[in-house]
1. Only one of these is assigned to a helix (DSSP H, G or I), of a type in the set (D, E, K, R) and under 30 Å from Pro6 (Cβ atoms): Arg190, Arg121, Arg172, Arg144. Name it.
2. Hey, among the residues in the stretch 160-190 that are at pLDDT 90 or above and among the aromatic types (Phe, Trp, Tyr), which one's nearest to Ala52 (Cα to Cα)?
3. Counting only residues that are under 11 Å from the mean Cα position of the chain (by Cα), among the aliphatic types (A, V, I, L, M) and closer than 20 Å to Pro7 by Cβ, how many does the stretch 52-76 have?
4. What's the number of the only condition in (1) open to solvent by 40 Å² or more (accessible area, probe 1.4 Å); (2) free of Cβ contacts under 8 Å to residues at least 60 places away in the same chain; (3) in a helix (DSSP H, G or I); (4) of a type in the set (Phe, Trp, Tyr) that Tyr57 fails to meet?
5. If you go through the stretch 23-32 one residue at a time, do you hit one that is among the aliphatic types (A, V, I, L, M) and open to solvent by less than 50 Å² (accessible area, probe 1.4 Å)?
6. For the stretch 129-152, how many residues are surrounded by fewer than 17 Cβ atoms within 10 Å (Cβ to Cβ), polar (S, T, N, Q) and either farther than 19 Å from Tyr113 by Cα or touching a residue at least 24 places away in the same chain (Cβ under 8 Å) (or both)?
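The values are calculated or read from the model by the stated rules, or taken from the named source; none is laboratory data. Predicted, not measured: the structure shown is a model, and the values here were computed from it. Neighbour counts are summed over all protein chains in view; Cβ atoms, including those assigned to glycine, are modelled from backbone coordinates with ideal geometry. Note: areas computed on protein heavy atoms with side chains; ligands, DNA, RNA excluded. Shrake-Rupley method; radii C 1.70, N 1.55, O 1.52, S 1.80 Å.
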Amino acid sequence: MTDRKPPTALDLSMVDPLPEATQKYFDICTEKLGLIPNVLRANAFDVDKLNAFTGIYNDLMLAHSGLSKLEREMIAVVVSSINRCFYCIVAHGAAVRQLSGDPMLGEMLAINYRVADLDARQRAMLDFAAKMTTESYTIEEDDRQALREAGFSDRDIWDIANVAGFFNMTNRVASATAMWPNDEYHAQFR
């Protein structure tokens, strides 16, 4: 499948030629994912911005954490659903399907995470991420304590807040620039 559109509505071309390290990163994406995510293509007009984005993303989503990779992707989908970010719902919904092996879970999280069969830990995590997305100014110690009682450490709470915060930021950038998800995501892991 070929992407139908440029990655965003903005006329920002990728650096050409890409620096060797960036090209190698894109080659790894193609090898592992079968595509270069449009969010990377969109940021590639400025290699420093691309490196900043990928550095934060890789640290939050792939580095060691008390949160599983699936849990972090679940946060991404729920936050993106609340923000109605088409790009992230599609891209991270595919990741949820892949990591969970459940083709329905990504859709349930995208439409209404409360209908998904979640354990108490996951539900508390997503409730916190949702509250952070819609009314972060109301979060109090009781909200953090609920996460502790669900089994999260303070470090885990930090990670939940940072993943939710990152996707709140990227959702807004993706929506503001009409970032388009790669077509391939729609059929993946079903």
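1. On the way: Arg190 fails: assigned to a helix (DSSP H, G or I); Arg121 fails: under 30 Å from Pro6 (Cβ atoms); Arg144 fails: under 30 Å from Pro6 (Cβ atoms).
Of Arg190, Arg121, Arg172, Arg144, the one residue that is assigned to a helix (DSSP H, G or I), of a type in the set (D, E, K, R) and under 30 Å from Pro6 (Cβ atoms) is Arg172.
2. Phe166
3. So the answer is 2.
4. (2)
5. Step one: filter the stretch 23-32 for residues among the aliphatic types (A, V, I, L, M), giving 28.
If we keep only those that are open to solvent by less than 50 Å² (accessible area, probe 1.4 Å) too, we end up with none.
No, every residue in the stretch 23-32 fails to be among the aliphatic types (A, V, I, L, M) and open to solvent by less than 50 Å² (accessible area, probe 1.4 Å).
6. So the answer is 3.
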